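In what follows, a single structure is set out as C-alpha cells and then discussed.
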Amino acid sequence: ESDIYPPAVVSISDIHGYLTEAQSALLTLSDHATLPPVVTTDGDGTLHWAEENYILVFNGDLIDRGPANDAVLEMVSRLAREAPRGRVRVTLGNHEHILTSPDEFPFHGWYSTQVTDRHRQRFLQWIQAGYVVAAYRGRNVTYAHAGSPEPYT
C-alpha cells in the first residue's frame, strides 16, 4: 500500500450465483489501459488477485438464483486467501443471512436453504473469523448490503 495513494475501493454486489457475469464484472478494469486490473486470469480462466492497490468489496448476496453458487463462493474465498489480509471484504447480504438461519425463512429450493450443515458451518466460521461482516466503515462511507435509518455500530 502506498503512503501517497490509498487503495481504491472496487465494489460488486448481488452476484446471486452467476459466476460468469461476476467474472466479467471483475475483469472490467483490465479493459481500461490506464487502470491496473483487480484480478487476473490463469490458463484455465480462473480469477486470481492481481497484487494491485485495491480493496475489493463483495457487498452481499453472493448466492441464490444462479447456477454456480458453490463456484462463486470458491472464487471469493480464493481471492480473499490470495490478497493481503483486509483487501477482500464480504458484507453480509440477506441471502447469506438466510444461509445462516434457514429454518427462519420459507424459501424452499434456494441454494441458501439447501446447503449441507458442513457448508453452513464453514460459512459461519468465515463470519466468526471476521471475513464476512454486516457492515464496515470505509474512508468516507459505511458499506452495508442494505441501508438502515440507524447508525451501524
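The values are calculated or read from the model by the stated rules, or taken from the named source; none is laboratory data. Because the structure is predicted, anything quoted here is derived from the model rather than measured. Neighbour counts are summed over all protein chains in view; Cβ atoms, including those assigned to glycine, are modelled from backbone coordinates with ideal geometry. With ligands, DNA and RNA removed, areas are computed over all heavy atoms of the protein, side chains included. Shrake-Rupley method; radii C 1.70, N 1.55, O 1.52, S 1.80 Å.
May I ask you to verify whether H97 is modelled with pLDDT of 95 or more and either over 17 Å from the mean Cα position of the chain (by Cα) or open to solvent by 40 Å² or more (accessible area, probe 1.4 Å) (or both)?
Numbers: modelled with pLDDT of 95 or more: no; either over 17 Å from the mean Cα position of the chain (by Cα) or open to solvent by 40 Å² or more (accessible area, probe 1.4 Å) (or both): yes.
Taking the combined requirement at face value, the residue does not satisfy it.
Residues checked against (1) at pLDDT 90 or above; (2) under 20 Å from the mean Cα position of the chain (by Cα); (3) more than 17 Å from V72 (Cβ to Cβ):
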site: D3; (1), (2), (3): no, no, yes
site: S13; (1), (2), (3): yes, yes, no
site: A22; (1), (2), (3): yes, yes, no
site: D31; (1), (2), (3): no, no, yes
site: V39; (1), (2), (3): yes, yes, no
site: T46; (1), (2), (3): yes, yes, no
site: I55; (1), (2), (3): yes, yes, yes
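Which condition breaks for D64 when tested against (1) out of contact with any Leu (no Cβ under 9 Å at 6 or more places or on another chain); (2) in a loop (DSSP other than H, G, I, E, B); (3) of a type in the set (D, E, K, R)?
Against the list (1) out of contact with any Leu (no Cβ under 9 Å at 6 or more places or on another chain); (2) in a loop (DSSP other than H, G, I, E, B); (3) of a type in the set (D, E, K, R), D64 comes up short only on (1).
When you go through (1) part of a strand (DSSP E or B); (2) within 30 Å of P106 (Cα to Cα) one by one for L73, which number turns out not to apply?
Of everything listed in (1) part of a strand (DSSP E or B); (2) within 30 Å of P106 (Cα to Cα), L73 misses just condition (1).
Could you list, in sequence order, all residues of segment 124-133 that are more than 18 Å from V9 (Cβ to Cβ) and either at pLDDT 90 or above or open to solvent by 60 Å² or more (accessible area, probe 1.4 Å) (or both)?
Within segment 124-133, L124, Q125, Q128 qualify.
Would you confirm whether or not segment 38-50 contains a residue that is open to solvent by less than 70 Å² (accessible area, probe 1.4 Å) and among the aromatic types (F, W, Y)?
Of the residues in segment 38-50, the ones open to solvent by less than 70 Å² (accessible area, probe 1.4 Å) are 38-40, 42, 45-50.
Right, trim to among the aromatic types (F, W, Y) and you get 49.
Yes.
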